[in-house]
Amino acid sequence: MALAFFGFLYRILILYSLWTITVDLNLNADVLVIGGGPAGCWAALTAAENGARVVLAEKGYVGTAGATAAGNTTIIHTPPDSVLRQEAIGRRVARGLGLVEPERVDAVLQETYTGLNQLSAWGYRFPNDDHGTPFFGSMRGVDYLRFMRQRLIKMGVQILDQSPALGLLQNDGVVAGAHGESRLSGEAWLVQAKAVVISTGGCAFLSGALGTNNLTGDGYLMAAEAGAALSSMEFTGQYGISPAHSSVTKGIIYFWSSFYDADHRLIETKGDRQDIVARHLVKGPVYAVIDKADPHLREGMRRGQPNIFVPFDRAGIDPFTQKFEVTLRHEGTVRGTGGLSIDALGATTVPGLYAAGDAAARDQMTGATSGGGGPNASWALATGVWSGKSAAAFAKSIGLRGSARALKAPREAVFRQPGKADAPDVIARIQEHILPLDRGFYRSASRLIESATALDGLWCDASRAVSAGVRAREATAMLATARWITASARVRYESRGIHRRIDVAASHPAWTVPVTSGGLERVWAGPDATFKEAVGQ
């Protein structure tokens with residue numbers, strides 16, 4: 001009798017609190033993971049291994065979605081207390097330009113070492129090196145994610161493919177689930193969960209870079225609506241060198257390339273390759289040829305990174321002997337640094353909400369520069385494990401009372417622009433202030449102020465409502481992300497790493513601290529976590 005009454009009361013509470021959301025699929029879980037790339041897979045798997053009932057909701061298909069699935073990925077595999085480990089940490093510290101924490105890097109690499117060894121024990125087949133020994137430092141993305149999907153199913157994780165999340169649910173300030181819709185059926189879904197992990201990847205603003213078309217900052221927006229803060233969003237001026245006829249931004253081949261300007265004169269390539277290409281691209285076309293690779297290396301490139309060469313083969317170009325035009329494609333937070341602020345356990349600034357992978361700021365791991373492939377893949381694995389474990393522990397601490405919580409959807413920022421502009425128009429206007437080299441790669445106070453004014457004006461076209469569909473939410477997420485980037489870039493009055501200010505070219509020793517940002521109606525940014533309080537947010 002008591003159980004029947006409790007069940008009746010529970011249904012009344014849910015119906016009362018969610019009266020604004022029409023739901024076709026209603027699920028319960030201890031942990032909801034949003035995003036099914038490597039970080040999301042590790043988070044869901046770890047939460048399940050720690051006894052949690054887990055649902056994983058992915059915008060695309062778990063196993064083929066995201067940047068990793070689009071190609072091979074390197075990853076750092078170093079034994080503890082080894083010379084290799086110390087060298088890897090040293091490289092991160094040197095490239096981080098004052099923002100990397102060695103202890104954090106060591107923790108990431110240790111978790112990665114453990115995870116890769118576990119993958120091997122589960123039966124994942126790593127490629128062999130020239131001596132026939134399994135090489136743990138490289139994986140084919142699609143094989144990696146397909147293997148993880150099979151492991152998730154084996155562990156009983158419920159997977160919602162083609163099911164983008166549209167917003168989080170909360171109970172008295174604590175995140176308690178999310179709602180979204182199915183791309184295939186159009187049906188609305190809702191997952192009531194005791195903890196949520198955001199692993200939705202970064203934001204590349206639909207720049208066309210390989211594997212980034214679904215990476216529009218959705219997780220940032222949902223988390224910010226719940227009150228979460230972000231960090232290091234100014235370190236997003238990351239662009240990948242790409243053939244002009246291709247979306248592939250795998251930069252490793254350009255270590256062995258010669259570059260030529262519009263008049264086909266050889267370009268001096270000492271220093272940062274992206275910066276060299278950018279400086280000449282603003283004047284005209286730039287060309288490359290991979291003429292510094294010997295035959296053995298060429299064969300290894302084709303075998304190890306075959307997706308790089310498919311566009312060349314289709315175009316009838318031999319990139320080792322023939323020049324081809326190159327460009328720079330914006331990669332934003334997919335390969336940059338910024339994201340949601342997390343602690344050592346993967347927790348955001350909102351109770352019950354965790355973040356992993358590209359969705360989380362990795363300044364402590366990569367600092368002011370891009371982590372590229374290996375460090376980013378290691379970060380995804382480690383933070384996936386930490387967030388999954390922490391979310392499972394948080395869910396367990398809530399216990400049975402989590403099932404009786406009244407849920408509320410935060411008021412979500414969406415576009416409602418009858419007669420003014422549709423989502424594609426808004427996205428195009430956002431891209432004008434993020435993608436061009438003279439705004440995203442090279443920055444200045446005047447351009448940042450101009451962009452901030454324009455982006456704030458766009459935001460005035462947004463209004464508060466419960467839901468507005470996937471594309472409108474993507475446009476809103478990209479706009480919010482662009483505003484946090486611009487605000488953070490204005491605050492950091494120096495040049496450091498991939499934050500390049502042409503009006504203040506030097507770095508300042510006082511700025512070896514991250515810039516925190518957040519807010520929706522009123523964006524804020526400052527050099528420490530107390531800035532929000534200082535401006536009365």
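The values are calculated or read from the model by the stated rules, or taken from the named source; none is laboratory data. It should be emphasised that the depicted structure is a prediction, and the values quoted were computed from it without experimental measurement. Using ideal geometry, Cβ is built from the backbone for each residue, glycine included, and neighbour counts are taken over all protein chains shown. Quick note on the areas: whole protein, heavy atoms, side chains included, nothing else; ligands and nucleic acids left out. Shrake-Rupley method; radii C 1.70, N 1.55, O 1.52, S 1.80 Å.
Things to note:
- The stretch 251-309: number of residues that are without any contact (Cβ under 8 Å) to a residue 60 or more places away in the chain, aromatic (Phe, Trp, Tyr) and over 22 Å from Gly71 (Cα atoms): 1
- Gln322 falls short on exactly one of the conditions (1) within 29 Å of the chain's Cα centre (by Cα); (2) surrounded by fewer than 16 Cβ atoms within 10 Å (Cβ to Cβ); (3) in a loop (DSSP other than H, G, I, E, B), and that condition is (1).
- Given (1) modelled with pLDDT of 95 or more; (2) buried (at least 23 other Cβ atoms within 10 Å of the Cβ); (3) more than 21 Å from Val196 (Cβ to Cβ), index of the condition Pro79 fails: (2)
- Enumeration of residues in the stretch 183-204 that are in a loop (DSSP other than H, G, I, E, B) and either surrounded by 17 or more Cβ atoms within 10 Å (Cβ to Cβ) or among the aromatic types (Phe, Trp, Tyr) (or both): Ser199, Thr200, Gly201, Gly202, Ala204
- Wholly within the stretch 205-311, helices (runs of 4 or more DSSP H) carrying at least 3 residues that are within 24 Å of the chain's Cα centre (by Cα): 218-225, 273-281
- For Gly66, the stated conditions hold: it is at pLDDT below 95, touching a helix residue (DSSP H, G or I) at 6+ places or on another chain (Cβ under 9 Å), more than 14 Å from Ile159 (Cβ to Cβ) and open to solvent by less than 40 Å² (accessible area, probe 1.4 Å).
- Scan of the stretch 111-133 for residues that are modelled with pLDDT of 90 or more and surrounded by fewer than 16 Cβ atoms within 10 Å (Cβ to Cβ), ordered by number: Thr114, Asn117, Gln118, Ser120, Ala121, Trp122, Gly123, Arg125
- Gly51 vs. criteria among the small types (Gly, Ala, Ser), at pLDDT 95 or above and part of a loop (DSSP other than H, G, I, E, B): yes
- Sole exception among (1) crowded, with 20+ Cβ neighbours inside 10 Å; (2) more than 25 Å from Ser182 (Cβ to Cβ); (3) at pLDDT below 95; (4) not aromatic (Phe, Trp, Tyr) for Cys460, by number: (1)
- Qualifying residue in the stretch 240-249 (condition: within 19 Å of Lys323 (Cα to Cα), open to solvent by 40 Å² or more (accessible area, probe 1.4 Å) and of a type outside the set (Gly, Ala, Ser)): yes
- Top-ranked residue of the stretch 325-339 - restricted to ones that are of a type in the set (Val, Ile, Thr) and in a helix (DSSP H, G or I), ranked as surrounded by the fewest Cβ atoms within 10 Å (Cβ to Cβ): Val334
- Failed condition for Tyr10, given (1) modelled with pLDDT of 95 or more; (2) surrounded by fewer than 21 Cβ atoms within 10 Å (Cβ to Cβ): (1)
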